Amino acid sequence: MKAGVSWINDYLDRPATAEEQGEVLTAVGFPIDDEGVAENGEAWLEVETTSNRGDCLCHLSLAREIAAVTGRSVNWPPAAAAPPRVEGAGAIEVVNQAPDRCPLYTGRVIEGVRVGPSPEWLRRRLEAIGQIPRNNLVDATNFVLWELGQPTHVFDLAKLRGGRIEVRMARPDEPFLPLGEGATPIALSADDLVIADAERPVALAGVKGGAESAVTNATTAILVEAATFDPVSVRTTSRRHAIRSDSSHRFERGVAAAEVAAAADRLVALILELAGGTLRGGVAADGLPIPSPRTLSLRSSRVREVIGIEIPDGRIEEILAKLDLKPRRESATGGTVFRVSVPPRRLDLEREIDLIEEVCRIHGLDAIPLRERLEIRPAGTQPRVEAVRIARDTIASMGFLESVTHSLIGPRLASSFLAEGESLLAVDDDRAGGTPFLRPSLLPSLLEVLARNEGAGARDLAFFEVAATFRVLADGTHRERREIGLAIDGGEDPQAAYRRLRGAIDRLVERLAGARLLVEPAEDGTVPGCFPAASLAIAREGASRPLGTAGLLDAKIVALAGLDRPVAVAEIALEPLIADYPPLRAIVEPPQFPGTERDLSVVVEEKTPWSAIESAVRETTPAHLESLDFVTTWRGKSLGNDRKSVTLRLRFRHPERTLRSEEVEPSVAAVVAALRERVAGEIRGGG
Amino acid sequence: MSTELDSYETDAASQLAACGDAASLEAWRIAHLGTKGRLKGLMSLMKDATPAERPALGQRLNAVKQKLEAAFEARKAELSSAREAPRGIDLTEPGLDLASGRRHVLTATVDRIVEVFGRMGFEVADGPELEDEWHNFTALNIPPEHPARDRGDNFFLGGEAAGKLLLRTQTSTVQIRAMESTPPPLRVVAVGRVYRPDDHDATHYSMFHQVEGLAVDRGLTMVDLKSTLLGFAKAFFGPEAEVRMRPSFFPFTEPSAEVDMRMPVKGTWQWVEIGGCGMVDPAVFESVGIDPEVWSGFAFGLGIERVTMRRHGLGDIRRLFENDARFLRQF
């Protein structure tokens, strides 16, 4: 709230400068967001108030906080204030039909008021905090709101019909015209609490008065409303109709019923002083019994246990007293116990720990010492945490940029990445700004990143991200899973991009799981989002669970992101990748004797995959074979359109001696035979 | 005689030193050590010597020979290492662009933070981003009618899954999960994404990262809390770092405080609001079945984006999520 520096000083025995007020308030939990000087020369502070301290949305309470810390006294109530004089018979009846929403409603009638401008002192206070003075009645209610934190309202009595005020729920679609320039009629909900006369709503309870019952310059008799409303009810109505007011702001944080009468007396006295008139018929009130003040116990030993410093009992007692908690010291086994009586306005003080916080707050957090040494319990290493870091570092070291993208995505790309029977999760908020879906895959996000960078002129990039994905599985349960997504802009050479991707995954799986990567065509033919012919399932050797998928994104999907280039992608579930980290590795002694190599070029049909060639060779189990590597693929007119020549390299080695050339010939012959038989391969160039 | 040998040795050595390339070195070798070289010629001195002189002369001749041979080898090695570099090398050319990848500044910052807390005995704990109301609100002492639960302030699931699940608004949810699964004492940090439906601008994004710490033990106090935060600040920002706390309010801690740290902002040390902290509220302990009279604890939460932005002088949070390669490569 915006607070006037002079206004706060009105309640202090010794004034404090703006600087001191700001420092003290900050130190006790009310930081200053902004400060300045109003046009009339009055200094102001924008004081931030936490949601539990609705009682501090007024000048008197801020003065109390300053007094508690600085040893000043608070001047309240003002010595001149006498209870307003009451005359004559009651002029209105109050019926509260919703005491759960309105624990206390009070009405006071003043007749014979003269509406006019407020005096200079009042205008000055209001202008200091940016409020525009209207007339003496409105300004008086405003003044009490900013002085005591109690919102009130003044009705023009002549405009209230039937001599009766009802606190009731609105009727469905009941019309109501709120106060305020440019306000338009609204249709109320049956869940809105209203203040009504015998015929119609005259105020939206705790939120806004009605235009039709507002005071004007011609007003001579008024009804003064002072009440308290349920915070949730006020908040719900305020949000529903998008009407916020200084009143609703305070009621949402809670206004104590026990404080209502004093505030109403203050307001009536002020109106009688500023506008004249006569208070008639006492107070018309209806509601629940006013709760008696709460009493709490505070163990002084507990204060020291929580805060960790030796605060003497005397100091605790002093702080409690300054906060108007009226401490009574009692001795008990285990130390001193303070019995305190909580002022009704302090709705936040309900438990012992709340009092400990008060002691801590006023004693000052700067008084808590800093230790250079910490007591710790040693924690072990966490392989899974280490594994995720290594995964990220490993991928980045292979030329990939790490992205961090939003988990919510738009509808265009979202559903392309679901399998049969699966569906998307969506958030229920129009504030998601057109991206309401929890992404089922990291790939659409990576695709968008590639597209954005391509738009900025950057091509041939590779990105990865480690994050959660979300989907509803075919069995109806939802799944959140952390995954690694990789995407490479395939540019002019998608084959090279794919091999780069594959190489990155190979190395990642070797690094984290100590295993070889197994790649097979996807079981059901298609990875969602990928070309059917370029959809792969990936797994690690020796594990039953699949790791994920890889492939080339379908051009239709790539185009949806505004790209016109092939994109190679992979998506790996984090859990099975890191589950066995660090892998146990059996040491293989580096070979001591030279090996011998043979390159073979085998001509096969175009559709023959490398994996078929590879398994044909491996399953022959050639003697002394150390390794088998892919070298290159060659296509040319001499082979025809549907054939290709694949060059592979065999390396042979004996662990205990140098192999003679003729010793490997039987193995090479066996491989040649296997290739001929298993993949109909012809050896080119005589092997 | 001995004088003759001495002057020869000096002469040969100086000629060797003058050899500047392989050709002159070879010429020297032929002239001195070759079969018709000068050293061979000096062997004739033996014939002229008396039998008594011969043994000493022989030793002397051998010594000179060995010395010159060693000097020759040394000179040869010297010359070969001082060889001209291969032609076409220009060592002033710039380095090759290896197109190396880069970690994202946010995840790299997270790793560093986790590392520092690890050294202070905090283990990493984890939890889902799609949470239930118990872990996101109820167990954290946020009652059903609390404004923090308003649908407009949270990403609740819509459609058929509506109602009870939402994207977590704070990593404090992981505190609850950790206390549910691990009996005290425990010290954990949780890091991750959290979500709040803010409109995106320079300082707001509807997704951001938090690191949350929780310690539960016997006898923990606010002194431990403040000292732990100081330990982190010094380890993370440097020994000049400082910490201060200001009273605040969070439903799940009491007493609660805002944390400021004095950290380097583009090279100068400044106070920066960095997060919130407090002693675990007894109501939170009760919700997970821990006796608050026996155990006490503290918790803190720091904003990763805020730390990152202030450290690097970044003015617009959206840059962190655009993933422009020209931005990402700067870290």
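The values are calculated or read from the model by the stated rules, or taken from the named source; none is laboratory data. Here the structure is a predicted model, which means the values were calculated and not measured. Virtual Cβ from ideal backbone geometry, glycine too; neighbours counted across all protein chains shown. All accessible areas refer to the heavy atoms of the entire protein, side chains included, with ligands and DNA or RNA removed. Shrake-Rupley method; radii C 1.70, N 1.55, O 1.52, S 1.80 Å.
Please give every one of the lysines within straight-line cross-link reach of residue B:266, meaning a C-alpha to C-alpha distance under 28 Å, and leave out same-chain neighbours fewer than 8 residues apart.
B:226, B:234
Once both axes come from the Cα atoms, what is the angle between helix B:22-32 and the longest principal axis of chain B, in degrees from 0 to 90, rounded to 10?
The answer is roughly 40 degrees.
With +1 assigned to the C-beta of every Lys and Arg and -1 to the C-beta of every Asp and Glu, and no other charges, what is the dipole magnitude of the stretch B:71-136 about the Cα centre in debye, to the nearest 20?
Value, rounded to 20: 840 debye.
Run the numbers on the stretch A:35-65: which residues show a drop of 20 Å² or more in accessible area, chain on its own versus all protein chains together, using a 1.4 Å probe over heavy atoms?
Residues passing the criterion (a loss of at least 20 Å², heavy atoms only) are A:50, A:51, A:52.
With labels modelled as points extended 7 Å from the Cα through the Cβ direction, what inter-label distance (nm, one decimal) is found for residue A:661 paired with residue A:17?
Here the answer is 9.9 nm between the modelled labels.
Provide the solvent-accessible area of residue B:67, counting protein heavy atoms only and rolling a 1.4 Å probe, rounded to the nearest 10 Å².
Its heavy atoms expose roughly 120 Å² to the probe.
At 222 nm, what helix-only mean residue ellipticity would chain A give, in deg cm²/dmol to the nearest 500, using -39500 (n - 2.57) for each DSSP H run of four or more?
-9000 deg cm²/dmol
Residues of the stretch A:294-367: accessible area per residue at 1.4 Å, in Å²?
43
How far, in degrees from 0 to 90, does helix B:2-18 lean away from the longest principal axis of the Cα atoms of chain B, to the nearest 10?
Rounded to the nearest ten degrees, it is 40.
Can you tell me, using C-alpha contacts under 8 Å and at least 6 residues apart, the relative contact order of the stretch A:28-79 as a whole percent?
24
Would you be so kind as to list the residues of the stretch A:432-473 that have their accessible area lowered by at least 50 Å² in the full protein complex compared with their chain by itself (1.4 Å probe)?
Residues of the stretch A:432-473 that lose at least 50 Å² of accessible area once the other chains are added: A:452.
Can you pull the mean other chain C-beta count within 10 Å for peptide B:101-113?
Per residue, the number of nearby Cβ atoms from other chains is 5 on average.
Given the peptides A:310-323, B:123-136, A:330-343, arrange them by the average over their residues of other C-beta atoms within 10 Å, most packed first.
B:123-136, A:310-323, A:330-343
Set the Förster distance to 41 Å, then compute FRET efficiency between residue A:479 and residue B:326 from the Cβ-Cβ distance, nearest 0.05.
So, using R0 = 41 Å, E works out to roughly 0.70.
At 1.4 Å probe size, what's the solvent-accessible area of residue A:633? Round to the nearest 10 Å².
50
Using a 1.4 angstrom probe with every protein chain in place, what is the largest-first accessible-area order of A:642, B:291, A:366, A:156?
Greatest to least solvent exposure: A:366, A:642, B:291, A:156.
Summing Lys, Arg as +1 and Asp, Glu as -1, what charge do residues with Cβ under 10 Å from the Cβ of residue A:346 carry, residue A:346 excluded?
-3
Just the Kirkwood number for the protein assembly as shown, please: inverse of mean 1/r across all distinct Cα pairs, in Å, one decimal.
Evaluated over the protein assembly as shown, this radius sits at 35.8 Å.
Under 10 Å from the Cβ of residue A:190, count the other residues' Cβ atoms, weight Lys and Arg +1, Asp and Glu -1, and hand me the total.
It works out to a net charge of -3.
Can you compute the FRET efficiency between residue A:331 and residue A:366 using 1/(1 + (r/R0)^6), with r the Cβ-Cβ distance and R0 = 35 Å? Round to the nearest 0.05.
For residue A:331 and residue A:366, the calculated efficiency is 0.65.
As a test of the formula, what do you get for chain B when each DSSP H run with n ≥ 4 contributes -39,500 (n - 2.57) and the sum is divided by the residue count, at 222 nm and rounded to the nearest 500 deg cm²/dmol?
Dividing the helical sum by the residues of chain B leaves -12000 deg cm²/dmol.
Quick one: which residues, 5 or more positions from residue A:626 or on another chain, have an amide H under 5 Å from its amide H? H modelled 1.01 Å from N in the peptide plane, none for Pro or chain starts.
Result for residue A:626 returns A:651, A:652, A:653.
For residue A:166, what residues show an amide H to amide H distance below 5 Å, using hydrogens built from the backbone and excluding near sequence neighbours?
Here A:95, A:196, A:197 satisfy the definition.
Using the Cα centre as the reference, give the magnitude of the dipole from point charges on the C-beta atoms of chain B (Lys, Arg: +1; Asp, Glu: -1; all else neutral), rounded to the nearest 20 debye.
1860
Around residue B:263, what is the net charge, scoring Lys/Arg as +1 and Asp/Glu as -1 over all other residues with Cβ under 14 Å from its Cβ?
Local charge sum for residue B:263: +4.
In square angstrom and rounded to 100, what buried accessible area do you get between chains B and A, total over both, with the probe at 1.4 Å?
6400
Compute the helix-to-body angle for A:383-397: its Cα long axis versus the longest principal axis of chain A, expressed 0 to 90° and rounded to tens.
Between the helix axis and the principal axis of chain A, the angle is about 70 degrees.
Pop out the carbon and sulfur fraction of the accessible area of the stretch A:418-568 as a percent, whole number, probe 1.4 Å.
Carbon with sulfur: 49 percent of the solvent-accessible area.
Given the protein chains as shown and a 1.4 Å probe, how many square angstrom of residue A:638 are accessible, to the nearest 10?
Residue A:638 exposes around 100 Å² with every protein chain in place.
Going by accessible area, probe 1.4 Å, with all protein chains left in place, what is the ranking of A:25, A:625, largest first?
A:625, A:25
Suppose every Lys and Arg Cβ carries +1 and every Asp and Glu Cβ carries -1, with no other charges. What dipole size does the protein assembly as shown come out with about its Cα centre, to the nearest 20 debye?
2100
Based on the Cβ-Cβ distance from residue B:148 to residue B:90, what FRET efficiency comes out when R0 is 51 Å, to the nearest 0.05?
Rounded to the nearest 0.05, the efficiency is 0.20.
Where does each of A:581, A:105 land when they are ordered by accessible area, with a 1.4 Å probe and the largest first?
A:581, A:105
How many Cβ atoms of partner chains, on average, are near each residue of B:127-136 if near means within 10 Å of its Cβ?
Partner Cβ neighbours, averaged per residue: 2.
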